[in-house]
1. What is the sum of charges around SER8, taking Lys and Arg as +1, Asp and Glu as -1, for the other residues whose C-beta is under 13 Å from the C-beta of SER8?
2. Cα centroids of the stretch 107-139 and the stretch 35-93: how far apart, whole angstrom?
3. I need the semi-axes of the equivalent ellipsoid of the stretch 60-151: take the C-alpha gyration tensor, multiply each eigenvalue by 5, square-root it, list largest first in whole angstrom.
4. What number, rounded to the nearest 500 deg cm²/dmol, is the helix-based mean residue ellipticity at 222 nm of the chain, given -39500 (n - 2.57) per DSSP H run of at least four residues and division by all its residues?
5. Just the ratio, please: alpha-carbon radius of gyration of the stretch 4-142 over 2.2 N^0.38 Å, N its number of residues.
6. For a distance above 16 Å, tell me the whole-number percent of Cα pairs in the stretch 1-76 that qualify.
7. State, to one decimal in nm, how far the label point of THR50 lies from the label point of ARG36, with both points 7 Å from Cα in the Cβ direction.
8. Taking amide hydrogens as modeled 1.01 Å from N in the peptide plane, which residues meet the under 5 Å criterion relative to VAL49, leaving out close sequence neighbours?
Amino acid sequence: MDCYVCRSKERFDTLPPRERVDADEHWRVVHAFDSRLPGWLVLVPRRHVTSIAELTDAEAASLGTWQVRLSRALTAVTGCVKTYVMQYAEQAGFAHVHFHVVPRPPDIPLDHRGPRAFAYLHAPPDERVPEAHMDALAIDLRRHLTTESTP
Ligand SMILES: [Zn+2]
């Protein structure tokens with residue numbers, strides 16, 4: 001099985017901050033590796049599943065909480081006005097279910113809003129958020145996730 005998410009899962013204990021922003025027993029949060037938009041997060045189940053319908057009740061129970069907590073952290077850390085949440089898992093090698101949780105900056109161009117925000121993804125290497133910047137963001141986000149009080 002050629003799965004990008006599961007390949008990195010084998011290195012879980014040594015993953016850099018950008019590949020393990022946070023995690024629990026069901027979910028892991030990573031920074032998208034090929035985005036030009038700082039803070040583009042991806043929420044992945046720890047198990048290999050290729051359809052949302054395959055998630056267990058336990059995995060489903062914390063899915064909404066993760067999406068909301070990540071949205072709060074992104075708002076606090078990036079200053080975004082809201083977040084976008086999308087899940088397709090259609091690209092070859094990326095069939096593992098993954099929820100994009102994307103900060104929507106206040107000044108985003110009109111032609112990059114809504115689904116067209118994907119123009120920020122699949123950027124050429126020299127236009128991607130640098131790894132050091134992704135790691136710094138990941139550490140800020142983790143600090144916010146760790147310290148925020150649960151309502
Ligand atoms: Zn997988």
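Here, each number is a calculation from the coordinates, and none is a lab measurement. Keep in mind it's a predicted model, so treat the numbers as computed, not measured. Cβ: placed from backbone, ideal geometry, glycine included. Neighbour counts: every protein chain shown.
1. On the way: positive: ARG7, LYS9, ARG11, ARG18, ARG20, ARG28, ARG46; negative: ASP2, GLU10, ASP13, GLU19.
Counting the neighbours of SER8, the net charge comes to +3.
2. 15
3. On the way: eigenvalues 94, 62, 45 Å².
Ellipsoid semi-axes (Å, largest first): 22, 18, 15.
4. Details: 3 runs with 45 residues, N = 151.
-10000 deg cm²/dmol, from helical runs alone.
5. Numbers: Rg = 14.2 Å, N = 139, 2.2 N^0.38 = 14.3 Å.
In units of the 2.2 N^0.38 Å rule of thumb, it is 0.99.
6. In whole percent, the long-distance tail amounts to 51.
7. 3.2
8. Excluding prolines and chain starts, which carry no amide H, the hits are VAL97.
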